[in-house]
Amino acid sequence: MNKIFEVPLYPYERHADEDAATPVRRKVVVIGAGPIGLAAAIDLAQQGTEVVVLDDNDKVSFGSRAICFAKRPLEILDRLGCGQPMVDKGVQWDTGKVFFDDRQVYDFNLLPEEGHKRPAFINLQQYYFEEYLVNRVRELQQQGAPIEIRGRNKVSAIGTHPGHVVLDIDTPEGSYNLEADWLIACDGAGSPTRQMLGLDFVGRVFEDNFLIADVIMEADFPTERWFWFDPPFNKGQSALLHKQPDGVWRIDLQLGWDIDKEREKRPENVIPRLQEMLGKDVKFELEWVSIYTFQCRRMEQFRHGRVLFAGDAAHQVSPFGARGANSGLQDTDNLCWKLQLVMDGKAPESLLDSYDIERIHGADENILNSSRSTDFITPKSEMSRVLRDAVLDLSEQYEFARPLVNSGRLSVPCTYDGSPLNSADALNGPERTRPGSPCPDVPLGDGFLLDQLGDKFVLLTIDADAPDVIEEEGIEVARLALSVKDDKTLALKDRYLGSAESGVYLIRPDQHVAARRPSFDENQFRHAIRRAIGKE
């Protein structure tokens, strides 16, 4: 059994802040050293901002928890300097299969096109993910970046003020106070921060429970996502099977609503269920067992003055679709460049309102898809079940029915349609790269486009002239010049030009499109830059 979650990675050490006569003021404090909090801290530290991460624990999470990481979050992690260890360790997959009763009804490919650096998905236990993030923090510290993790520092009270936040913090050696210009709450679904501020979720809690079991076993199942509706080993319910590294397999079994959760988690009850699924002769060892309830909820606002919420602290979705950790990483990706510009005095504080607008849009999209998945997986009436089963039967032979099957619409990046940061679309180009969209990757020589975009504003020109640098409102935007003549795969033309002969894109630091036009118009792009930083 993996013991990584028993070893302190950031043990408590007394800090000088605890002995200060008056509370020390820090630029940014992050509450929560899980994946989302660490990602936010790394992002800011890479931009030179002082950031302190507080966590009441001192080690990685127990159990695999989040395991499915999608292509876009992997691209974000590349920018944070820890994507490669994830991919090296993770199990890559792009194929899913759907079963009804004892037969396969169809399969699907999540990334049918070539020319992407990262796979559609990897499976990787959350404790490895957290370890790689902590390793990245250590690397940054060695490079002199102003980032630290304080383990066993539990925030017990929060006071909010117009220009800062005050924290009461408990440690093994007593309590102290700390001030922060900005506070980012990434402390999970139960978020003590949210509770201390008297805030809550709105949304739905579905009347169903699922057993999660991570088992260690030698098995010859392929590296695919297998989902069963009404399987013989869990009649009237559903099941899911995923492969993880180290011979660990994730199994989800639907249990129903009226259950004794503590009883169902006992090994003597879990093991027979797994034996019925896997076969009594299959030898396995339980690594981790949990039970979750479908919830599709979010805060009404993610920004509350100087306190910003991200990840599960801000929103919750049911696990089918891998939208939890993936959407949390997109939260921090959206937030940190905006916060940095505000702290640098290059953008008004109101730019942070666009974090609310864009990521609530993303959360609502995730909640909609997750709710639809839940309603299909767990029909709420006999007629709904009859209709669902008819769709499953038809999908075995008829392609038209397959899009109607919903075993969890898998995580895709959000396009910020309607964002106040978008300029009007002036290019008759592909829909997938309209303003608000995340940039799709493209192979460029021995590398890839997203690696060249990095984490700054970029003026991407394709067979179009433009200045090498344009500066507006203190924002320096460098040009990246490309040509379809060098595009042997045709991916650049297909993904960014379509039928257009040329194009100029303004790309945000989070690699979302802010504006696009067929050619460079200095006045229009200066307006687009101002709009993208909240000054128009």
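Just wondering, is there one or more residues in the range 177-190 that are of a type in the set (Phe, Trp, Tyr) and closer than 30 Å to residue 301 by Cβ?
Yes, the range 177-190 contains a residue that is of a type in the set (Phe, Trp, Tyr) and closer than 30 Å to residue 301 by Cβ.
Can we say residue 139 is surrounded by fewer than 16 Cβ atoms within 10 Å (Cβ to Cβ) and over 19 Å from the mean Cα position of the chain (by Cα)?
Against the criterion (surrounded by fewer than 16 Cβ atoms within 10 Å (Cβ to Cβ) and over 19 Å from the mean Cα position of the chain (by Cα)), residue 139 qualifies.
Identify, from the list 219, 180, 213, 239, the residue that is of a type in the set (Gly, Ala, Ser), outside any helix (DSSP H, G or I) and at pLDDT below 90.
219
For the range 226-247, check the following and say yes or no: at least one residue is without any contact (Cβ under 8 Å) to a residue 40 or more places away in the chain, in contact with a helix residue (DSSP H, G or I) (Cβ under 7 Å, 6 or more places away or on another chain) and surrounded by 15 or more Cβ atoms within 10 Å (Cβ to Cβ).
yes
Residue check, residue 47 against (1) under 23 Å from residue 188 (Cα atoms); (2) touching a Cys at 6+ places or on another chain (Cβ under 8 Å); (3) surrounded by fewer than 21 Cβ atoms within 10 Å (Cβ to Cβ), all met but one. Which one?
(1)
Mind telling me which of the residues 465, 510 ends up being in contact with a helix residue (DSSP H, G or I) (Cβ under 6 Å, 6 or more places away or on another chain) and in a loop (DSSP other than H, G, I, E, B)?
510
Identify the single condition in (1) modelled with pLDDT under 90; (2) surrounded by fewer than 23 Cβ atoms within 10 Å (Cβ to Cβ); (3) touching a Lys or Arg at 6+ places or on another chain (Cβ under 8 Å) that residue 317 does not satisfy, given that it satisfies every other one.
Going through (1) modelled with pLDDT under 90; (2) surrounded by fewer than 23 Cβ atoms within 10 Å (Cβ to Cβ); (3) touching a Lys or Arg at 6+ places or on another chain (Cβ under 8 Å) one by one, residue 317 breaks only (2).
Suppose we filter the range 493-536 for residues that are free of Cβ contacts under 8 Å to residues at least 40 places away in the same chain and among the aliphatic types (A, V, I, L, M); how many remain?
Final tally of qualifying residues: 0.
Looking at the structure I just gave you, is residue 434 in contact with a Phe, Trp or Tyr (Cβ under 7 Å, 6 or more places away or on another chain) and modelled with pLDDT of 90 or more?
No, not satisfied.
Would it be correct to say that residue 476 is in the same structural domain as residue 435 (by TED's automatic domain parsing), part of a loop (DSSP other than H, G, I, E, B) and of a type in the set (Asp, Glu)?
Here the answer is no, as residue 476 does not meet what is asked.
Might you let me know whether the range 413-424 holds any residue that is in contact with a helix residue (DSSP H, G or I) (Cβ under 7 Å, 6 or more places away or on another chain), hydroxyl-bearing (Ser, Thr, Tyr), within 30 Å of residue 389 (Cα to Cα) and in a loop (DSSP other than H, G, I, E, B)?
So far as the range 413-424 goes, no, none of its residues is in contact with a helix residue (DSSP H, G or I) (Cβ under 7 Å, 6 or more places away or on another chain), hydroxyl-bearing (Ser, Thr, Tyr), within 30 Å of residue 389 (Cα to Cα) and in a loop (DSSP other than H, G, I, E, B).
When you go through 515, 464, 481 one by one, which is the residue that is buried (at least 17 other Cβ atoms within 10 Å of the Cβ), touching a Ser or Thr at 6+ places or on another chain (Cβ under 6 Å) and farther than 26 Å from residue 80 by Cβ?
Only one candidate passes the filter, namely 464.
Per-residue answers, yes or no, for (1) in a strand (DSSP E or B); (2) in contact (Cβ under 8 Å) with a residue 60 or more places away in the chain:
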position	(1), (2)
277	no, no
282	no, yes
292	yes, yes
328	no, yes
334	no, yes
342	no, no
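In the range 50-83, what residues are among the β-branched types (Val, Ile, Thr) and under 19 Å from residue 189 (Cβ atoms)?
Correct list: 53, 60, 67.
All but one of (1) touching a Pro at 6+ places or on another chain (Cβ under 7 Å); (2) in a helix (DSSP H, G or I); (3) not basic (Lys, Arg) hold for residue 271, so report the exception by its number.
Result: residue 271 fails condition (1) only.
Name every residue in the range 103-118 that is at pLDDT 90 or above and either surrounded by fewer than 20 Cβ atoms within 10 Å (Cβ to Cβ) or not aliphatic (A, V, I, L, M) (or both), in order of residue number.
103, 104, 116, 117, 118 - these are the residues of the range 103-118 that are at pLDDT 90 or above and either surrounded by fewer than 20 Cβ atoms within 10 Å (Cβ to Cβ) or not aliphatic (A, V, I, L, M) (or both).
The values are calculated or read from the model by the stated rules, or taken from the named source; none is laboratory data. Quick caveat: nothing in here was measured; it's all calculated off a predicted structure. Ideal geometry is used to build each Cβ from the backbone, glycine not excepted, and the neighbour counts take in all protein chains shown.
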